[in-house]
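These notes concern the structure reproduced below.
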Amino acid sequence: MVIKLKIKNKLIFAADLDNLDEVNNILNQISNLINTVKIGYPLVLSEGIECISKFKNLGYNVIADFKVADIPATNKKICKITFEKGADAIIVHGFVGKDSVKACKDIAKKMNKELFLVVDMSHPGSRQFLEKNSKEIAKIGLELGIKNYVLPSTKPKIGLEIRKILGDEAFVISPGIGVQGGEIKKTLKFADAIIVGRSIYQSKDPMTTTKKLINHINLAIS
Ligand code: 3DU
C-alpha cells in the first residue's frame with residue numbers, strides 16, 4: 001500500500017454539510033479521532049474553495065471529492081486548481097476513459113499529490129452503467145499506475161473481486177457505511193479505510209458515534 005496520506009484510525013470524515021460552522025463544530029468533537037476530511041460539492045459550493053486551506057491549517061489531510069469527469073484538458077485544470085488550493089488528494093471518475101484519467105494522474109504526479117480513482121459506486125443506480133464496466137475501469141487504473149481507488153462498501157462481493165484485480169499494493173477507500181447499508185467488517189476485507197458522513201454528522205453525539213465506529217474498525221481488523 002503506497003500512500004503518502006496517513007489516515008488515522010482508517011476513518012475519513014465526509015464533511016457533506018453546507019455550512020462551515022457546522023462542520024467545524026463536528027470536527028471539534030472528533031478532532032482527536034480522525035485526521036482526514038473529505039470535502040465535496042455541498043460544502044465547497046456553499047462556503048467556497050477556501051474550505052480546503054482552512055482544514056489544512058487545522059492540520060487535516062484533505063481529500064477533494066470532485067469526482068472529476070471531463071475531457072483531459074479540463075480535468076487537468078480542475079486537478080491543478082484543487083491541488084493549488086491545498087488539497088492533498090482528488091477523487092476522479094474512471095468512466096470517462098483512460099485519456100481523461102491520465103490527465104489527472106499526470107498533474108497529480110507533477111505536483112506530488114494523490115489521486116483516487118472511482119471504480120464503482122455505492123448507490124442502486126450505479127448498477128445501471130458503472131458496475132457493468134467497473135472491472136475495465138480498474139484495469140485502466142492499473143495501466144496508468146494508479147495506486148489509490150474508491151470502491152463501494154455496499155457491494156462487498158464486487159469489492160473483493162476488484163481488489164483481486166488491483167492487487168495488495170493498491171490503497172482502497174470505501175464509502176457507503178451506515179446510512180447506505182455498508183458494513184465495516186465486510187468492507188475492510190477489501191478496503192484500507194472507510195469514509196463516513198451522515199452517521200457521524202447527523203448523530204446526536206458525533207464523538208461517541210465516531211468512537212464506536214473506530215471500535216468496530218479495530219475489531220474488524222483484529
Ligand atoms: O453515506 P454517507 O453520508 O456516509 O457519505 C458517503 C460519502 O461518500 C458522500 O460524500 C458521498 O458523496 C461519497 N460517495 C459515496 O457515498 C459513494 C460513492 O460510490 C462514492 C462517493
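Coordinate-derived values only; no laboratory data. Computed from a prediction, not measured in an experiment: that's the story for all the values here. Note: ideal-geometry Cβ built from the backbone for every residue, glycine included; neighbour counts use all protein chains shown.
Details
- Entries of K139/K185; K76/K135; K56/K185; K80/K139 with Cα pairs more than 28 Å apart: K56/K185
- Net +/- balance of residues flanking V118 in space, Cβ distance below 10 Å, scoring K and R +1, D and E -1: -1
- A simple packing score, the average count of other Cβ atoms within 10 Å per residue, orders the peptides 146-153, 49-56, 191-198 as 146-153, 191-198, 49-56, with the highest score first.
- Helix-derived mean residue ellipticity, 222 nm - over the chain, DSSP H n ≥ 4, -39500 (n - 2.57), to 500: -12500 deg cm²/dmol
- Averaged over residues, the count of other Cβ atoms within 10 Å places the peptides 94-101, 163-170, 180-187 in the sequence 94-101, 180-187, 163-170, highest first.
- Placed amide H near G182: partners under 5 Å, 5+ positions off or other chain: I177
- Per-peptide average of other Cβ atoms within 10 Å, ordering 121-132, 4-15 highest first: 4-15, 121-132
- Couplings 3J(HN,Hα) of region 197-213, computed from phi: x, 4, 4, 8, 6, 9, 6, 6, 9, x, 5, 5, 4, 5, 4, 5, 4 Hz, in residue order, whole Hz [Karplus 6.51 cos²θ - 1.76 cosθ + 1.60, θ = phi - 60°; x for Gly and Pro].
- When each of K85/K132; K189/K212; K38/K211; K54/K189 is checked by Cα-Cα distance, pairs over 30 Å: K85/K132; K54/K189
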